[in-house]
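Asks: Pasting a structure here, questions to come.
The values are calculated or read from the model by the stated rules, or taken from the named source; none is laboratory data. All of these numbers come straight from a predicted model, not from anything done at the bench. Positions of Cβ are generated from backbone atoms using ideal geometry, with glycine treated the same way; all protein chains shown enter the neighbour counts.
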C-alpha cells in the first residue's frame, strides 16, 4: 500500500510537470492488439522491441508520450526480472540524440511497426513498480506517443478491458499466465454490444493528457458536486462544472481530488458510517 501511495504521488508530480510544459509514420494494418496483465498495483503490456525482437513488459501509460525501456549498459538502474534490452544487438536501432532518443521497431502481437520514436534509458532509471516492469509504453495524445505517431493508420483509437487484480495471486512471482486481456488499436478498438456504456474523453490542445468531466460524487443519497468552487445550491451558489476537470491515467492506482472536495467527501463518509 505504501508503494502504491508513493507511486500515485509521483504521478501527480509528473502531471504538474507536463502541465507546466504544456503552457515517421508507419503504414500498417489498422487493427492490432497487445496483451496486458495485472500486477499488484498497475497493468503491464507485452511488446517486443528491436530486430531481432526482444520481449519486454512495460506499463501501459495513457499519461506518457514517449515509449521507453531500460537499456544496456545501465548505470544505477532499477532491478528488473526481464532481459534488459541491448540496443547494440538490434539492427533496427537508430540513435537520434545523446539521451538516447532513438528510432526502433515495435512488435505488438503479430504486427511490426518500424521507425517508431523510442527512449533508451541507461542511467539512473527509476520506477514506482520495479522488477516486473522494464519501462513505459506511451499512450498519450501527444505527437511522439504510439497513438500520435500512428494517428492516420489507427485513427487515434484504442480500447482495453482490465482483468481484476484479484485474479492474480500476489504472493507468487509475476508469471505469464493466461490472465491478461487485450489492448486493442484501430478497427479492433470499437466497443459495442448490449449493456455497453461510455463517457467521452476530453482533450486539450495545450496538453498531451486525457481528461474526463466529473460531475459529482455520491455518498448514499448525498450528492457532492465536482465544481470549481464546490458551492452548493443550498448556500445560494451556482454549480460550475468545468469540462475536462479531472485527468484519467492508466498508470495511477489511487484517485486524487482537490483538497476542498476531498474534505467534503471525507466528512460525508464519516457521517454515513457514524465515524468520529
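Asks: Can you spot a residue in the range 126-135 that is surrounded by fewer than 18 Cβ atoms within 10 Å (Cβ to Cβ) and modelled with pLDDT of 85 or more?
Replies: No - not one qualifying residue is present in the range 126-135.
Asks: Taking the range 45-54 on its own, how many of its residues are surrounded by fewer than 23 Cβ atoms within 10 Å (Cβ to Cβ) and in a strand (DSSP E or B)?
Replies: Final tally of qualifying residues: 3.
For (1) at pLDDT 90 or above; (2) more than 17 Å from residue 139 (Cβ to Cβ); (3) over 19 Å from the mean Cα position of the chain (by Cα); (4) exposed (fewer than 13 other Cβ atoms within 10 Å of the Cβ), each residue gets a yes or a no:
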| residue | (1), (2), (3), (4) |
| --- | --- |
| 171 | no, yes, yes, yes |
| 183 | no, no, no, no |
| 196 | no, yes, yes, yes |
| 204 | no, no, no, no |
| 210 | yes, no, no, no |
| 219 | yes, yes, yes, no |
| 226 | no, yes, yes, no |
| 239 | no, yes, yes, no |
| 251 | no, no, no, no |
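Asks: Name the residues in the range 55-84 that are surrounded by 21 or more Cβ atoms within 10 Å (Cβ to Cβ) and under 10 Å from residue 122 (Cα atoms), would you?
Replies: Matches in the range 55-84: 69, 70, 71.
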